[in-house]
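The values are calculated or read from the model by the stated rules, or taken from the named source; none is laboratory data. These numbers come from a predicted model, not from an experiment. No Cβ is skipped: glycine too gets one built from the backbone with ideal geometry, and neighbour counts run over all protein chains shown. Remember, those area values only see protein heavy atoms, side chains included, never the ligands or the DNA or RNA. Shrake-Rupley method; radii C 1.70, N 1.55, O 1.52, S 1.80 Å.
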Amino acid sequence: MSKKLIYGGDYYPEQWLDKPEVLEKDIEFLKAAKMNLVSLGVFAWSELEPREGEYHLEWMENIINRLYENGISVMLATPSGAKPRWIAAKYPEVLRVTDKGERNLFGERHNHCYTSPVYREKVRIMNTRLAERFGKHPAVVMWHISNEYGGECYCELCQQAFREWLERKYGTIEKLNQAWWTRFWNHTYTSFEEVEAPSSLGEKSVHGLNLDWKRFVSDQTIDFMKQEIQALRDAGAMQPCTANMMYDFQGINYGKMQEFVDVISWDTYPLWHKTDDILVAFDNGMQHDYMRSLKQKPFLIMESCPTATNWQGVSKLKKPGTLMNASLQTIAHGGDSVQYFQVRQSRGSFEKFHGAVIDHYGGMDTRVFREISQVGEELEKLAELAGTGVEAPAALLYDVENRWAMEDAQGPRNKGLFYHEAAVKSYQAMKQYGMNVDVIDMDKSLDSYRVVAAPMLYMFRSGIEEKLRAYVENGGILIMTYWSGIVDETDLCHLGGTPHALTDVLGLRSEEIDGLYDWETNTAVPVQENALHITKSYTCSHLCELVRPMGAETLMEYGEDFYAGKPALTVHDHGKGKAYYVCADMEAEFYTDIYKSIFLKAGIQPLLSDIPEGVEVCSRCTEEYEYIFVQNYSEQPVKVSIPENGELLSGQYDGRLAGRSSIVLKKRKDGGVYEV
Ligand code: GAL
Ligand code: ZN
């Protein structure tokens, strides 16, 4: 197959089976928009098995054949994301139970018990049927496993599986008691049988229990997914598998899930035009980078919306140019597809007003379809990018287990710790400087990076303290912040000084942390002749940590309150590297300015220098070529200077970039003149 970027969307022909003329039209639309793939069967179980054991796969085969004849491939879904009515009526155990012990009624989707042997068996049989029928079909190029896995179930089957999971983890109840610190409030367990999942009617305050329950739910979901994939494999289907992940989703440890899928995919629905679009772009870009970094390989966008997204608070239209920018942003960050939810707008029910490739009007002469077709054309021009990599000199440590533990704790600020925001501020500063960034969790290696930002690394796990130490010793630049290295993997506090095991690397020890009321702020003031030549003061809020320097040099200090004069930003030379420590939740501008000074001082080259406000720069590469994406998210045209030895693969450039527009530039990596 020739190299191409995937372009398509979620396709639900089962909603229109009684209208063959509509299905014929769909194909015309797909071809006109230059689409080359659809996701099929995501919610089609009731059409595939209308009654228990009665299978109807012929309609799907007809659709797949028609698509194939027209050059359109299929990503075939397993339908477990929504169960048919008959299964719930006959086997109530497939329905989820709430933390209060109430069993749900049938309804909605994404709500089955992940433990239920009946559900697992019914899914296995269905997947087997699909694999037997379509596992060798030339149109079917990939499997789309279920849909947006998530949620938890508290039924007795899940509770028992949790107890077994704990027993495998701890071996003895004494070890569990120790890890969960259960003598506190008299909560000692005498056997695993006594353990119940956290509940608003029961136990909520044993943090080790809460944390392990989240880990269990994640593992159980992954286990369910593995069984789905195994059924396909056992029936001979060998196409790659993917499971669509979600934006900033905290219900599953995707870092663990990634091992069991062949390709990462995710669904992106940013709130364009709600705030400044460049901020939306950075936030969304960080998620793209997180997804790419899971496997350090190109990822797919499984869903995005061509225009207004009806479940959001306000269904905002995408302003002209935004669809193109958002689509190219995916490619810029290492994605190999653009796909939409939904190909044809459904006629009734919950998503009838959700944006679609084909709307209720049903013609091609719409603003949205025109833009969709333009995206199709650009993606064809960029086909050679498929499969290319991203080289990132910087990494942001962003870890879901860390978040579970930190946000569950009481203190230091129950009104909001702003972890995600702190991560975004660091990420954004690196992007504003013009670097590619990997977003990784604590299990990943740090060896390839020049800079590692570690905001609010409350929990140290996976030996991260040793990895960070070695990283700095070998010449890396670490930027760590307040509220780091406080607890271990089971959420027990480290004794003997924090950030745990890194006080000598950072050259300081954290002594206290002050939670600020919403209306309070402090300032960070530069000290005279500091090593970064900082001259401005910055506001900080929410959390101010008080540290005792033990070798670290103070670059900025607090301006107010009883801790005025104490360090607010420090640096320490350790081995061949440097370790910075940001003591408080600083405003975004602090990160933009300070990171820039740090990178300049370290001689780290940006992809482009002097990037104007509102613009994002990314790159992908092969051994020989570099592809630079310059994207203007502001409404106004901007001046940018781009390297002269390149070829413009996409977009318009005359020294300026029009408002809401992008260019893609191809140049040789060795700096030689590009020859067409
Ligand atoms: C996704 C989901 C799709 C569709 C879409 C609408 O989260 O996977 O099935 O509901 O949202 O934006
Ligand atoms: Zn259950």
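If we scan segment 636-659, do we find a residue that is of a type in the set (D, E, K, R) and under 28 Å from the mean Cα position of the chain (by Cα)? Among the residues of segment 636-659, not one is of a type in the set (D, E, K, R) and under 28 Å from the mean Cα position of the chain (by Cα), which makes the answer no.
In the set 71, 101, 107, only one residue is within 16 Å of ligand 1 (Cβ to nearest atom) and more than 19 Å from residue 236 (Cα to Cα); that residue is 107.
Matching residues to (1) at pLDDT 95 or above; (2) within 16 Å of ligand 2 (Cβ to nearest atom); (3) open to solvent by less than 10 Å² (accessible area, probe 1.4 Å); (4) under 29 Å from the mean Cα position of the chain (by Cα):
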position: 116; (1), (2), (3), (4): yes, yes, yes, yes
position: 123; (1), (2), (3), (4): yes, yes, yes, yes
position: 127; (1), (2), (3), (4): yes, no, yes, yes
position: 192; (1), (2), (3), (4): yes, no, no, no
position: 215; (1), (2), (3), (4): yes, no, no, yes
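If we scan segment 270-288, do we find a residue that is within 14 Å of the chain's Cα centre (by Cα), closer than 27 Å to residue 613 by Cα and of a type in the set (Ser, Thr, Tyr)? No, every residue in segment 270-288 fails to be within 14 Å of the chain's Cα centre (by Cα), closer than 27 Å to residue 613 by Cα and of a type in the set (Ser, Thr, Tyr). State whether the residues of segment 325-342 include one that is surrounded by fewer than 21 Cβ atoms within 10 Å (Cβ to Cβ) and either of a type in the set (Ser, Thr, Tyr) or out of contact with any Lys or Arg (no Cβ under 8 Å at 6 or more places or on another chain) (or both). The answer is no; no qualifying residue exists.
The single condition from (1) free of Cβ contacts under 8 Å to residues at least 40 places away in the same chain; (2) open to solvent by less than 20 Å² (accessible area, probe 1.4 Å); (3) not in a strand (DSSP E or B) that residue 306 fails is (1).
Kindly evaluate residue 80 against the criterion of being out of contact with any Pro (no Cβ under 8 Å at 6 or more places or on another chain), under 24 Å from residue 380 (Cβ atoms), within 16 Å of ligand 1 (Cβ to nearest atom) and in contact (Cβ under 8 Å) with a residue 60 or more places away in the chain. In short, no.
Of the residues 157, 201, the single one that is within 16 Å of ligand 2 (Cβ to nearest atom), among the hydrophobic types (A, V, I, L, M, F, W, C), open to solvent by 20 Å² or more (accessible area, probe 1.4 Å) and more than 29 Å from the chain's Cα centre (by Cα) is 157. Residues that are touching a residue at least 12 places away in the same chain (Cβ under 8 Å) and under 30 Å from the mean Cα position of the chain (by Cα) were ranked within segment 165-178; the one that is nearest to ligand 2 (Cβ to nearest atom) is 165. A single member of 566, 576 is under 35 Å from the mean Cα position of the chain (by Cα), farther than 19 Å from residue 422 by Cβ and basic (Lys, Arg), and it is 576. Taken together, 511, 520 contain a single residue that is within 15 Å of residue 586 (Cβ to Cβ) and open to solvent by 50 Å² or more (accessible area, probe 1.4 Å), which is 520. Being over 23 Å from residue 36 (Cβ atoms) and β-branched (Val, Ile, Thr): is that true of residue 314 here? Answer is yes for this residue. Taking first residues from segment 90-111 that are under 20 Å from residue 251 (Cα atoms) and aliphatic (A, V, I, L, M) and partners that are open to solvent by 60 Å² or more (accessible area, probe 1.4 Å) and away from ligand 2 (no atom under 11 Å from the Cβ), the Cβ contacts under 7 Å between residues at least 6 apart in sequence or on separate chains come to 95/106.
Restricting segment 568-587 to residues that are open to solvent by 10 Å² or more (accessible area, probe 1.4 Å) and in contact with an Asp or Glu (Cβ under 9 Å, 6 or more places away or on another chain), the residue that is nearest to residue 481 (Cα to Cα) is 571.
A single entry from 588, 584, 602, 564 fulfils the requirement of being among the hydrophobic types (A, V, I, L, M, F, W, C), under 27 Å from residue 545 (Cα atoms) and without any contact (Cβ under 8 Å) to a residue 40 or more places away in the chain: 564.
Within segment 334-350, the set of residues being of a type in the set (D, E, K, R) and within 17 Å of residue 308 (Cα to Cα) comprises 344, 347.
Among the residues of segment 179-190, those identified as assigned to a helix (DSSP H, G or I) and open to solvent by 100 Å² or more (accessible area, probe 1.4 Å) are 184, 185, 186. Pairing each residue of segment 219-243 that is within 13 Å of residue 259 (Cα to Cα) with any residue that is part of a strand (DSSP E or B) and acidic (Asp, Glu), provided the two are 6+ apart or on different chains, yields no C-beta distance under 7 Å. Only one of the listed residues (245, 257, 225) is open to solvent by less than 20 Å² (accessible area, probe 1.4 Å), touching a Leu at 6+ places or on another chain (Cβ under 9 Å), under 18 Å from residue 79 (Cα atoms) and not hydroxyl-bearing (Ser, Thr, Tyr). That residue is 245.
Per-residue answers, yes or no, for (1) more than 16 Å from ligand 2 (Cβ to nearest atom); (2) small (Gly, Ala, Ser); (3) surrounded by fewer than 18 Cβ atoms within 10 Å (Cβ to Cβ):
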site	(1), (2), (3)
266	yes, no, no
272	yes, no, no
276	yes, no, yes
281	yes, yes, no
291	yes, no, no
294	yes, no, no
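If the condition is being in a loop (DSSP other than H, G, I, E, B) and open to solvent by 30 Å² or more (accessible area, probe 1.4 Å), then segment 230-242 contributes 238, 240. Check residue 597 against each of (1) in the same structural domain as residue 570 (by TED's automatic domain parsing); (2) open to solvent by less than 30 Å² (accessible area, probe 1.4 Å) and name the one condition it does not meet. For residue 597, the failing item is (2). A count restricted to segment 144-153 and to residues that are away from ligand 1 (no atom under 16 Å from the Cβ) and either buried (at least 23 other Cβ atoms within 10 Å of the Cβ) or β-branched (Val, Ile, Thr) (or both) stands at 1. Of all residues in segment 243-270, those satisfying the criterion of being part of a strand (DSSP E or B) and either more than 23 Å from residue 323 (Cβ to Cβ) or more than 13 Å from ligand 1 (Cβ to nearest atom) (or both) are 243, 263, 264. Among the residues of segment 439-470, those identified as open to solvent by 10 Å² or more (accessible area, probe 1.4 Å) and either closer than 16 Å to residue 392 by Cα or not assigned by TED's automatic domain parsing to the domain that holds residue 578 (or both) are 441, 444, 445, 447, 448, 449, 450.
Okay, residues lined up against (1) closer than 25 Å to residue 405 by Cβ; (2) in contact (Cβ under 8 Å) with a residue 24 or more places away in the chain; (3) in the same structural domain as residue 412 (by TED's automatic domain parsing); (4) of a type in the set (Ser, Thr, Tyr):
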| site | (1), (2), (3), (4) |
| --- | --- |
| 472 | yes, yes, yes, no |
| 479 | yes, yes, yes, no |
| 485 | yes, yes, yes, no |
| 507 | no, yes, yes, no |
| 535 | no, no, yes, yes |
| 544 | yes, yes, yes, no |
| 556 | no, yes, yes, no |
